[in-house]
Amino acid sequence: MTVKVFRSPARHGYAVEVSPYIPSRVACAASQYYGIAGCGTLLVLDQTETGLTLVRSWEWGDGLFDVAWSEGNEHILVAGGGDGSLQLWDTANHSAPLRVAKEHTQEVYAVDWSQTRGESLIVSGSWDQTVKVWDPALSPSLTTLRGHEGVIYSTIWSPHIPGCFASASGDGTLRIWDVKGAVCRLAIPAHKAEILSCDWCKYDQNVVATGSVDCTVCVWDLRNIRQPVNQLLGHTYAIRRLKVLGLQPTPASPGYRRASFRVCLWIRLQPAYPQPGGGLFLGRDGEGVHTCMPVGGSAQCSSLKRPQTSEDDFTSVLVFEHFSPMKPAPRPEP
């Protein structure tokens, strides 16, 4: 497996998103000083045979924490900033954003562009404990949703159900929202600590995964929320970002489904190359970088020790994949 790395001096990465139009292109949101102070940078990179090359970059006056590609225009992106703003960027425009919307009163930590056919909406989640829904032009927000009792770290549209998205918060809950009704349809006490990330399964509308400060990943079936389908253990640091690629049946394992998880994370020190079959969830854990491999209902963990590197402040982008079996949750009794 080839690991491609792009280093951005004095920037700490917060989000990596692949273009829905150009599979070899990624957008990256980064900040100085871990977003505590300083400015932010939005990077567009192309993957080549030899590595990652810079296509375009823009500077912003505050930290940038998330980015999402437009589902209707290959050149357009939206980013969320530490100044409470959303910015609409065009890769053909070298200077300023097309539009800036500022309604949130604190950091915008999550943005996402809807993927369902016939719908083009943007959702944003903020540390002001609100979620806002926008049209693609970032006109005044269409609706503001309240209910979380902590900062909101993640907002993700359902790839299956129009007008439906999930949000994850510092209050430890995963919430499912209905935009048309402007209500929360489901509130799941998913972790006993802050939830930093969530993502929908692209092949099953009922499956959502969450990553938390408690160092675990939980996989949820929304039809049965009494307990997670699976809990993945092994990290000693918080899980800041996760991506679920798929969940498909495997005839070789009756009663089981095959879960493909992929995570794109930024860490400060580049790890050694992963061993074959490894690389499920990646994070900086002290002296090593850990990979977790779930087996049945438990997880096994191995450590990849980091190589000797200079102490220059840089950021690395790494992408790993791993397939693992996962048993479906029991269905509730009629």
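The values are calculated or read from the model by the stated rules, or taken from the named source; none is laboratory data. From a predicted model like this one, the values you see are computed outputs, not experimental measurements. For neighbour counting, all protein chains shown are included, and Cβ atoms are generated from backbone atoms with ideal geometry for every residue, glycine included. Ligands, DNA and RNA are stripped out before the accessible areas are found, and what is left, the full protein with its side chains, is counted by its heavy atoms. Shrake-Rupley method; radii C 1.70, N 1.55, O 1.52, S 1.80 Å.
Just a few scattered comments:
- Scan the range 55-75 for residues that are open to solvent by less than 50 Å² (accessible area, probe 1.4 Å) and outside any strand (DSSP E or B) and the total you get is 3.
- Filter result for Arg7 (of a type in the set (Lys, Arg) and either in contact with a helix residue (DSSP H, G or I) (Cβ under 8 Å, 6 or more places away or on another chain) or assigned to a strand (DSSP E or B) (or both)): no
- Residue in the range 103-117 that is part of a strand (DSSP E or B) and either over 30 Å from Glu149 (Cα atoms) or modelled with pLDDT under 95 (or both) present: no
- Figure legend. Inter-residue proximity from the range 12-30: first residues part of a loop (DSSP other than H, G, I, E, B), second residues among the basic types (Lys, Arg) and open to solvent by 20 Å² or more (accessible area, probe 1.4 Å), beta-carbon distance below 7 Å, spacing 6+ or different chains. Indicated pairs: Ser19/Arg25.
- Cβ separations smaller than 6 Å between residues 6+ apart or across chains give the following pairs from the range 151-167 residues that are buried (at least 17 other Cβ atoms within 10 Å of the Cβ) and assigned to a strand (DSSP E or B) to residues that are of a type in the set (Phe, Trp, Tyr) and modelled with pLDDT under 95: Ile156/Trp200.
- Residues located in the range 168-180, provided they are part of a loop (DSSP other than H, G, I, E, B), at pLDDT 95 or above and not acidic (Asp, Glu): Gly170, Gly172, Thr173, Val179
- Residues in the range 2-40 that are out of contact with any Ser or Thr (no Cβ under 6 Å at 6 or more places or on another chain) and β-branched (Val, Ile, Thr): Thr2, Val3, Val16, Val18, Ile22, Val26, Ile36.
- The condition of being farther than 15 Å from Thr155 by Cα and among the small types (Gly, Ala, Ser) holds for Gly181.
- Residue match in the range 40-54 (condition: on the phi > 0 side of the Ramachandran plot, among the small types (Gly, Ala, Ser) and either open to solvent by 60 Å² or more (accessible area, probe 1.4 Å) or part of a loop (DSSP other than H, G, I, E, B) (or both)): yes
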